[in-house]
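Some notes on the structure that comes next.
The values are calculated or read from the model by the stated rules, or taken from the named source; none is laboratory data. Since this is a predicted model, take the numbers as computed values, not measurements. So basically every Cβ, Gly included, is an ideal-geometry build from the backbone, and we count neighbours across all protein chains shown.
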Amino acid sequence: MNRTQLAGILSQTTFSDEDIVQLLGLTDLEDCRMLKDEAFRRTTELMGPYVYYRGLIELSNICTANCRYCGIRKANHAVKRYTMTKEEIVEQAVWAARQGYGSVCLQSGERHDEKFIEFICECLREIHEKTKSPLLPNGVGVTLSLGDQTEEVYRRWAKACGNPESIRYLARFETSNPELFHMLHSTPGTNEKNLEHRFECLRALRRAGYQVGTGVMIGIPGQTLEDLCRDIRTFQKLDVDMIGMGPYLRSEGNDLEALGQMEPKALMQLALNMIAVTRLVLGPVNIAAATALQAIRDDGRELGIEYGCNVVMPNLSPQRFRKGYQLYDNKPCLEDEPTHCASCLESRIQSRGREVGWNMSGSSRRYLRR
Ligand code: SAM
């Protein structure tokens, strides 16, 4: 493809699978710059100038699942397990609200026991009560990222958050290729995952009234550009409101080490291309710059913003818990406290031509239009 053909594809508003695969595979510096500029332009046009903060609270690393890529999978006995107390979780959410964060994301390993489900309800009720203010009359926005659950559990959590119109959930389907999904999740005997079931969970979340977020890992061993194209088509089919995706990174505690990982520079470019193409194809959805981008390059999240992201998820987990939540190697900011993460980020965002959407929960425009 020459530059004129590339410019032609970038000026389109609908894209064939062939266009998508070609854009995903760009490697030439000038070609990638053209893709980046168009994705940034479309993001400004569709989403405005703001980048929204979702303060990430990694509340527990206890997990019943054994996803082979993940450093906190159940079978990794080297991990010291923790669960933050309700007071610690609420304190972080209140801190975030006072700093002007419009929303927080509660994430943890996957658990289904009643004690955990009720614990989340209690945290949500208290966060709602304690974060209401003139600037946030409904309290801080909440995104949950707590894995596959039943519709009834999703409904209980939505009710407990006190603000059911603004509740969100993030559950990546990781890859839309069923064989690859099976390879990633097939550890016999432990809460083995099923791709169809994850799709069903996403549909249940929609029925329960959530803004629905999903995503994939990019650069999984064996994954092709056609697989990534199918992922984008799946985002479209599911009509999602938010997307959070990042590079697959090896982890000492995972069960895929033998399969290796893409070379970092190529992996970074592929991840950025995937973000940009998703923006072009999906339009007005929220796209988060994953922390995993920052694990490859210090300015990875800023690059994500340049390629079409409009959400970042500063880590609000207290420093003493961070080492216990290492999903992959080189996870950034392990030694930092939330105050440090927040203060270094705003200038980084402004350096890329965006503003922080302080005190705005940043609902997906796709969701608002629905
Ligand atoms: N338990 C919830 C779930 O499964 O959705 C939330 C926690 S889970 C650890 C959050 C995300 O971490 C996963 O969806 C996965 O994409 C990502 N993740 C885990 N291991 C990873 C790795 N080695 N490289 C990149 N991302 C990884």
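Kindly establish whether G109 is buried (at least 19 other Cβ atoms within 10 Å of the Cβ) and farther than 26 Å from L368 by Cα. Spell out how you get there, then give the answer.
Details: buried (at least 19 other Cβ atoms within 10 Å of the Cβ): yes; farther than 26 Å from L368 by Cα: yes.
Against the criterion (buried (at least 19 other Cβ atoms within 10 Å of the Cβ) and farther than 26 Å from L368 by Cα), G109 qualifies.
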How many residues, within segment 135-149, are touching a residue at least 40 places away in the same chain (Cβ under 8 Å) and in a loop (DSSP other than H, G, I, E, B)?
-> 8
Within segment 49-89, tally of residues that are free of Cβ contacts under 8 Å to residues at least 40 places away in the same chain and either crowded, with 22+ Cβ neighbours inside 10 Å or touching a Cys at 6+ places or on another chain (Cβ under 7 Å) (or both) | 1
L6 meets each of (1) at pLDDT 95 or above; (2) under 26 Å from L267 (Cα atoms); (3) touching a Ser or Thr at 6+ places or on another chain (Cβ under 7 Å) with one exception, condition (3)
Would you please list the contacts, defined by Cβ atoms under 7 Å and residues six or more apart or on different chains, that run from a residue in segment 228-250 that is more than 17 Å from N177 (Cβ to Cβ) to a residue that is among the charged types (D, E, K, R) and more than 15 Å from the ligand (Cβ to nearest atom)?
-> D241/R366
Residue list for segment 169-188, filter: more than 26 Å from C121 (Cβ to Cβ), hydroxyl-bearing (S, T, Y) and at pLDDT 95 or above | T175, S176
Residue under evaluation G244, criteria (1) assigned to a strand (DSSP E or B); (2) closer than 18 Å to R68 by Cα, criterion not met | (2)
Residues of segment 20-32 being part of a helix (DSSP H, G or I) and more than 12 Å from T278 (Cα to Cα), which ones?
-> Q22, L29, E30, D31, C32
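With polar (S, T, N, Q) and away from the ligand (no atom under 15 Å from the Cβ) as the only criterion, which of Q92, Q107 stands out? Walk me through how you get there before you give the answer.
Working: Q107 fails: away from the ligand (no atom under 15 Å from the Cβ).
So the residue among Q92, Q107 that is polar (S, T, N, Q) and away from the ligand (no atom under 15 Å from the Cβ) is Q92.
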Checked A96, A65, A7 against criteria (outside any strand (DSSP E or B), under 25 Å from G308 (Cα atoms), within 23 Å of the chain's Cα centre (by Cα) and not basic (K, R)); the one match is A96
Any hit, segment 112-134, residues being assigned to a helix (DSSP H, G or I), within 30 Å of R98 (Cβ to Cβ), more than 16 Å from the ligand (Cβ to nearest atom) and β-branched (V, I, T) | yes
L6 vs. criteria surrounded by 18 or more Cβ atoms within 10 Å (Cβ to Cβ) and under 25 Å from T175 (Cα atoms) = no
Those residues that are acidic (D, E) and surrounded by 19 or more Cβ atoms within 10 Å (Cβ to Cβ), I need them from segment 32-48; list them, please.
-> E38
Would you mind telling me which numbered condition in (1) more than 23 Å from A97 (Cα to Cα); (2) over 18 Å from the mean Cα position of the chain (by Cα); (3) part of a loop (DSSP other than H, G, I, E, B) G324 fails?
-> (3)
For segment 258-266, indicate whether the set of residues that are free of Cβ contacts under 8 Å to residues at least 12 places away in the same chain, assigned to a helix (DSSP H, G or I), more than 16 Å from the ligand (Cβ to nearest atom) and surrounded by fewer than 20 Cβ atoms within 10 Å (Cβ to Cβ) is non-empty.
-> yes
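From the set of residues in segment 68-90 that are in a helix (DSSP H, G or I) and charged (D, E, K, R), which is farthest from D255 (Cα to Cα)? Break it down into steps so the answer makes sense when it comes.
Just the residues of segment 68-90 that are in a helix (DSSP H, G or I), to begin with: 86-90.
Retained after the next criterion (residues that are charged (D, E, K, R)): 86-88.
Details: K86: 32, E87: 34, E88: 32 Å.
Filtering segment 68-90 for residues that are in a helix (DSSP H, G or I) and charged (D, E, K, R), the one farthest from D255 (Cα to Cα) comes out as E87.
What are the residues in segment 151-168 that are within 15 Å of C121 (Cβ to Cβ) and either part of a helix (DSSP H, G or I) or within 15 Å of the ligand (Cβ to nearest atom) (or both), if any? It would help to see each step written out before you state the result.
Restricting attention to segment 151-168, the residues satisfying the condition of being within 15 Å of C121 (Cβ to Cβ) are 152-164, 167.
Residues satisfying the conditions are E152, V153, Y154, R155, R156, W157, A158, K159, A160, P164.
With β-branched (V, I, T) and either within 14 Å of T175 (Cα to Cα) or within 10 Å of the ligand (Cβ to nearest atom) (or both) as the only criterion, which of V240, V216, V212 stands out?
Details: V240 fails: either within 14 Å of T175 (Cα to Cα) or within 10 Å of the ligand (Cβ to nearest atom) (or both); V212 fails: either within 14 Å of T175 (Cα to Cα) or within 10 Å of the ligand (Cβ to nearest atom) (or both).
It is V216.
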